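Visitor: Have a look at this one.
Every number in this text was worked out from the coordinates using simple rules, so none of it is lab data. All values reported here derive from a predicted model rather than from experimental measurement. No Cβ is skipped: glycine too gets one built from the backbone with ideal geometry, and neighbour counts run over all protein chains shown.
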Amino acid sequence: MATGLLSVQAVASAEPASPKDHHVKPTFFFPTKTFKNPWPSDLPPTNVLPHAFWRPEDNHQDFTEEDEQQEIELELKENGQSQRRYEEEEHPVRCIKWSDTEERTGGQAQEGNSIASSVQPTRSRWGKKEQGKVRSCWLGHASVLVMVPLRSEGDDEVGVLFDPVFEERCSPSGFVGPVRDISPPCDVKDLPPIHVVLISHSHYDHLSLPTTQALWAIHKAHIRWIVPLGLKSWFKSVGIPEDRVSELDWWDQITLSHPSSISSSSSPSDSAQPDSSVERSLRVACTPCQHGSGRSGWDKSTSLWCSWAVGVEEKERDGKSTGSKGKSTKDWDNMPCTIYFAGDTGYRQFGVTDPKYICPAFSQTASTLTSSFSLLFLPISPGSSLPYLSSFVPYPFSAVSNWITDEMVNLGVLTSGVHMTPGDAVELMGILGKNSGTGVAIHWGTWGGRSLALLTKRWLWSEMRKMKMPHSGPGGFELWNVGEWKVTEWKK
């Protein structure tokens, strides 16, 4: 039975007493409601200028080329791969294309140009769900696809998309802005059935008009969007019905479930399934982060920005939660699978050591929801922000601009107040993933060029080595290929 339109039900706020200090009240001179980062960690960008010329190698001189080769070999070993082509001049991300030939060739995927090997995602696998497992795929930049089996019978899954952008340029126009280094693995029309789309904020590299319209045209029978406050009006203006868009404030929660409960007439084979007697739903929580919003000079901060927590909630057919096993008093701790999507966020400005100026949103998420997310999608780079601005530099000055950004100014440092560095992402794993979660790098390697991508990867590996963090599995931080399918097992 195919999954149709999921029903939406509000759930009590995760932090009912939380002050709304991120809301900026309208005034006579500024009548439009806006939002802000309410913490001391939201420092002005000028504070980081003394560090603008810092390079990762300045602080990690002990991370040599030999160390990097050891990390490559370690990553191969931990991922069960026998060989890997690695050349210094290549871009450190490979795209696994989802082509029509995959079904005819039994799953051999077309490979692009560089991070891991022997990955075989196939379109025929979309319907082959695995009980007790979630399948995920990085589509490039911050776009992530997650397939969740909510029913115990049948082969259908719920398709969840985070921040989908399929365009070559992330800008108001198709003629300006940086061009992708790595293309998406497929077109929007090639995606499996999509039921839920979560948007973290309104910036062009996270919210795309053409992608939104294409998703609606193809999946209008069963698709919903969940967005932060202030964004519903944008969706309405581009033709998405108001009842298909749910706006959430920080700490708001909703549940997405099948309109009818699982049939009580299970076959003997169904009863043999470990979860055949439970109903599953998706719990979605809007969690705070440190960033901003705006698609022009006129709508800055008029919509909220957020991270997302998504959990698989299980209940017995009598309505009792299966999580009440004495493990924890928090709902999220007892869910078999929890996903954290950071979206786009800062953690602290580079060089800051005073805890007062470290964003408290993530520690609050850990204490309010859970500190042991199963799967964490964490940004490790400024992504497309400054490459977008530098794309306006006219030729021949573009060569000078590229030299400055490649060799002198560290873009990650300059924007660290609103974009996590690789070191921040590694630290965040200790807050939200503990030793049980798997971190996945996003928001890197898609726009910005080869030099920035290489710098980001080495910076991440250097920070991981200091923390003795593995390259895969529980407690590890993984670099995925674009278009690669990964499986995450649920907690027992």
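Visitor: So if each residue of separation counts as 0.36 nm, and I subtract the Cα-Cα distance between S296 and E489, what length gain in nm does that give?
Guide: Gain on extension, S296 to E489, equals 65.3 nm.
Visitor: At 7 Å along the Cα-to-beta-carbon direction for both L209 and D243, put a label point, then send me their distance in nm to one decimal.
Guide: Using points 7 Å along Cα→Cβ, the separation is 2.7 nm.
Visitor: Hey, with R₀ at 51 Å, roughly what FRET efficiency would E90 and S367 work out to, going by the Cβ-Cβ distance, to 0.05?
Guide: Result of the calculation: an efficiency of 0.75.
Visitor: Please report, in whole Å³, the volume per residue of the convex hull around the C-alpha atoms of the range 423-492.
Guide: Enclosed volume per residue, from the Cα hull, is 89 Å³.
Visitor: Still on this model: Using the beta-carbon distance between N47 and Q131 and R0 = 41 Å, what value does 1/(1 + (r/R0)^6) give for FRET efficiency, to the nearest 0.05?
Guide: 0.25
Visitor: Work out how much length I218 to A10 would gain on full extension: take 0.36 nm times their residue separation and subtract the Cα-Cα distance, in nm to one decimal.
Guide: Extra length from I218 to A10 when fully extended: 72.2 nm.
Visitor: I'd like the FRET efficiency for S436 and T255, computed as 1/(1 + (r/R0)^6) with the beta carbon distance as r and R0 of 22 Å, rounded to 0.05.
Guide: 0.40
Visitor: Return V11, V310, V278 ranked ascending by Cβ neighbour count within 10 Å, so the fewest neighbours appear first.
Guide: Fewest to most other Cβ atoms nearby, the residues stand as V11, V278, V310.
Visitor: Between L74 and K356, what is the label-to-label distance in nm when each label sits 7 Å out along the Cα-to-Cβ direction?
Guide: Between L74 and K356, the simple spin-label model gives 3.7 nm.
Visitor: So what is the relative contact order for the range 164-215, in percent, with contacts set as C-alpha pairs under 8 Å and at least six apart?
Guide: 49
Visitor: If a/c stays under 1.5 just call it rounded; otherwise compare a/b with b/c (prolate if a/b is bigger, oblate if not). Do that for the range 177-248, with a ≥ b ≥ c from the square roots of the Cα gyration tensor eigenvalues.
Guide: oblate
Visitor: Could you give each residue of the range 211-226 its phi-based ³J(HN,Hα) in whole Hz, using Karplus coefficients 6.51, -1.76, 1.60 with θ = phi - 60°, and x for Gly or Pro?
Guide: 5, 4, 5, 5, 4, 5, 4, 8, 10, 4, 5, 8, 9, 9, 10, 10
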